[in-house]
Amino acid sequence: MKRMYLILFSALAVTSSKAQNKFNLLVGTYTNTCESKGIYVYEFNADSGDFKLKNSSENAVSPSYLSVSADNKFVYAVNENGNQSTVSAFSYDSKTGKIKLINKNDALGADPCHLINDSKNVIAANYSGGNIAVFKKNVDGSITEVQQLIQHEGKGPNEARQEKAHVHMVAFSPDKKFVFANDLGQDKVFIYEYNPASAHEILKLKGSVDVKKGSGPRHLTFSKDGKYVYLLQELDGTLTTFAYDKTRGLKLLLKETNIIPKDFKGANSSAAIKISPDGKFLYVSDRGDVNSITVYTILKDGSITKIEQVSTQGKGPRDFAIDPSGKFLLVGHQYTNDIIIFKRDKITGKLTYTGKKIELCSPVGLVFTKI
């Protein structure tokens, strides 16, 4: 009898382990360049790297970037559509992958390209509008009309790309005291005090940090311990390391490096930046003619050391995601219409192309969720 219980327990443990290594991959797409329904949900097996389509939204307009609620029941998306841009709320059933529109409201700024959410608010970065829009959440997961709109004013030395303010990302600090806003047009990172329960003054300007002129700050990420901030600048490939100050936001500049190969002659356009689940490795992608991911190891003092730079096997690696187990890294290519699956060595951080890919119209934003 005891042996039978052990066999049953072992079988259940194996089944449970396999279940835990399956996740949902949510993909936001552009819908104006090829045939796409908007948001796609795939089941991803983190043991094998296999995948299968579970569901999709119905005719959502260019839901390029996604943010999932902490309870895994709602998905929020920017609808990047010029002056007709909106922000949308969707219900989300992780088991079936069903995603259904609840409501949407005007972004009050052209071309929103990034958003975040918590239990009370949804905050969007409007790129062409050069502003930040804050929506309150309702009990049913829907969003209100914009309750606060913060307009940035200014420009940078690159006349083609920095002719005005361009807010490219908003991000919570780990302690939720601040919201950081990267302004590509002004070469600044703005720091806002975050007051989630406030009705209309949810964000209050605390200050800003200047970065190298013409560099164009795009995305940032925090180290796992919350002590450091890594900022990727789109226009010149600069990667900047800051210390995080819980009182003031960003502290002193620690180091600058560049992700572009020294002898490279073509166009570059840096894109996404992510940290591995164990907090030991930093990954950054670059588009333009580079089409690569650079891998860095993160040292105890927050500094980084380059390990390798690999081709992403496609064109336009606008975003990528590391599955929660840390075994795979998936790269979405905006122009070659696919998601390339890399095996990730958890010890060295290095990437190996598996030969597997998901064919999909213009993938832009990738997010893993639990099932």
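Per-structure values
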{"quantity": "Search result, residues across the stretch 207-226 that are of a type outside the set (Phe, Trp, Tyr), in contact with a Pro (Cβ under 8 Å, 6 or more places away or on another chain) and surrounded by fewer than 21 Cβ atoms within 10 Å (Cβ to Cβ)", "calculated": "Lys213, Gly214, Gly226"}
{"quantity": "Strands (runs of 3 or more DSSP E) wholly inside the stretch 119-184 containing at least 2 residues that are farther than 28 Å from Ser215 by Cα and of a type in the set (A, V, I, L, M)", "calculated": "143-151"}
{"quantity": "Which listed residue, of Lys274, Lys262, Lys204, is open to solvent by 30 Å² or more (accessible area, probe 1.4 Å) and either over 24 Å from Cys113 (Cβ atoms) or not charged (D, E, K, R) (or both)", "calculated": "Lys262"}
{"quantity": "Members of the stretch 161-191 that are more than 27 Å from Lys137 (Cβ to Cβ) and open to solvent by 30 Å² or more (accessible area, probe 1.4 Å)", "calculated": "Arg161, Glu163, Lys164, Lys188"}
{"quantity": "For Phe264: the one exception among (1) over 18 Å from Asn182 (Cβ atoms); (2) modelled with pLDDT of 90 or more", "calculated": "(2)"}
{"quantity": "Residue satisfying condition, being open to solvent by 30 Å² or more (accessible area, probe 1.4 Å) and under 22 Å from Asn195 (Cβ atoms), within set Lys100, Lys95, Lys120, Lys104", "calculated": "Lys120"}
{"quantity": "Filtered residue count, the stretch 185-216, keeping only those that are assigned to a loop (DSSP other than H, G, I, E, B) and over 18 Å from the mean Cα position of the chain (by Cα)", "calculated": "16"}
{"quantity": "Which listed residue is open to solvent by 40 Å² or more (accessible area, probe 1.4 Å) and either aromatic (Phe, Trp, Tyr) or modelled with pLDDT under 95 (or both), from Asn81, Asn59", "calculated": "Asn59"}
{"quantity": "Any chance Tyr194 is free of Cβ contacts under 8 Å to residues at least 24 places away in the same chain, open to solvent by less than 20 Å² (accessible area, probe 1.4 Å) and not hydrophobic (A, V, I, L, M, F, W, C)", "calculated": "yes"}
{"quantity": "Criterion violated by Ser285 - all others in (1) surrounded by fewer than 20 Cβ atoms within 10 Å (Cβ to Cβ); (2) in contact with a Pro (Cβ under 6 Å, 6 or more places away or on another chain); (3) hydroxyl-bearing (Ser, Thr, Tyr) satisfied", "calculated": "(1)"}
{"quantity": "Filter result (open to solvent by 20 Å² or more (accessible area, probe 1.4 Å) and among the polar types (S, T, N, Q)) within the stretch 235-259", "calculated": "Thr247, Thr257, Asn258"}
{"quantity": "Failed item, numbered, when Gly279 is tested on (1) at negative phi; (2) modelled with pLDDT of 95 or more", "calculated": "(1)"}
{"quantity": "Single residue of the stretch 123-145 satisfying the filter (of a type in the set (Val, Ile, Thr) and buried (at least 19 other Cβ atoms within 10 Å of the Cβ)) that is nearest to Gly365 (Cα to Cα)", "calculated": "Ile123"}
{"quantity": "Residue list for the stretch 21-56, filter: modelled with pLDDT under 95 and in contact with an Asp or Glu (Cβ under 8 Å, 6 or more places away or on another chain)", "calculated": "Asn21"}
{"quantity": "Every residue from the stretch 38-61 that is touching a residue at least 40 places away in the same chain (Cβ under 8 Å) and in a loop (DSSP other than H, G, I, E, B)", "calculated": "Ala46, Asp47, Gly49, Asp50, Ser57, Glu58, Ala60"}
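So that you can scan it fast, the table gives a plain yes or no per residue for (1) in contact (Cβ under 8 Å) with a residue 40 or more places away in the chain; (2) of a type in the set (Phe, Trp, Tyr); (3) farther than 24 Å from Gly237 by Cα; (4) assigned to a strand (DSSP E or B):
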| position | (1), (2), (3), (4) |
| --- | --- |
| Lys306 | yes, no, no, yes |
| Gln313 | yes, no, no, no |
| Pro324 | yes, no, yes, no |
| Leu330 | yes, no, no, yes |
| Ile340 | no, no, no, yes |
| Lys343 | yes, no, yes, yes |
| Gly349 | yes, no, no, no |
| Ile358 | yes, no, yes, yes |
| Gly365 | yes, no, no, yes |
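The values are calculated or read from the model by the stated rules, or taken from the named source; none is laboratory data. All values reported here derive from a predicted model rather than from experimental measurement. A quick note on method: Cβ atoms are made from the backbone with ideal geometry, for glycine too, and the neighbour counts reach across all protein chains shown. Surface accessibility is based on the protein's heavy atoms, side chains included, excluding ligands, DNA and RNA. Shrake-Rupley method; radii C 1.70, N 1.55, O 1.52, S 1.80 Å.
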